[in-house]
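Here's the structure, in structure tokens; my notes come after.
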Amino acid sequence: MTSIVVTLPIRAESVANLREGWAARHKRAKAHRHTAWAMLRAEAPACAIDGRIAVTITRIAPRPLDSHDNLRTSTKAAVDGIADWLKLKDNDERIDWAYAQERGAPKHYAVRVEIRAGA
């Protein structure tokens, strides 16, 4: 694996600002985590990690989020799904996480995941 790019059809929203019950939040997080894992698994089987990996998560939406905290929390479930696919914990020191935002068309939401080995 040298580089993988997958666009997840999920709507990453600021969970800190959502007013929803725990069941709705759990259902959304579970769906985001599974979508990330399943789409990466379809792209390539997870391989043995022998070095550093750079993962860039780009939220695509009509409006940006506050980047220092809301951006990270909006993609937390997708991060967990990526870590599941890598068969590592999301706090493993071999993974360098980076976050970005990109303006999308009105009503278009997605999350692009770029994984590069040997970073």
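In the condition set (1) of a type outside the set (Gly, Ala, Ser); (2) farther than 19 Å from THR2 by Cα; (3) within 11 Å of the chain's Cα centre (by Cα), GLU114 is compliant with all but (2).
Scanning segment 1-59 for residues that are in a helix (DSSP H, G or I) and among the charged types (D, E, K, R) gives ARG25, LYS27, ARG28, LYS30, ARG33, ARG41, GLU43. The residue of segment 86-102 that is least open to solvent (accessible area, probe 1.4 Å), among those that are part of a strand (DSSP E or B) and farther than 10 Å from ARG59 by Cβ, is ILE95.
Residues considered: ARG112, ARG116, ARG63. Of these, the only one that is assigned to a loop (DSSP other than H, G, I, E, B), of a type in the set (Lys, Arg) and either within 24 Å of SER14 (Cβ to Cβ) or open to solvent by 80 Å² or more (accessible area, probe 1.4 Å) (or both) is ARG63.
When SER3, SER74 are screened for being hydroxyl-bearing (Ser, Thr, Tyr), modelled with pLDDT of 85 or more and surrounded by fewer than 17 Cβ atoms within 10 Å (Cβ to Cβ), only SER3 passes.
The values are calculated or read from the model by the stated rules, or taken from the named source; none is laboratory data. Note that the coordinates shown come from a computational prediction; the quantities given were computed from them, not determined experimentally. Counting neighbours? That spans all protein chains shown, and the Cβs are built from the backbone with ideal geometry, glycine included. Quick note on the areas: whole protein, heavy atoms, side chains included, nothing else; ligands and nucleic acids left out. Shrake-Rupley method; radii C 1.70, N 1.55, O 1.52, S 1.80 Å.
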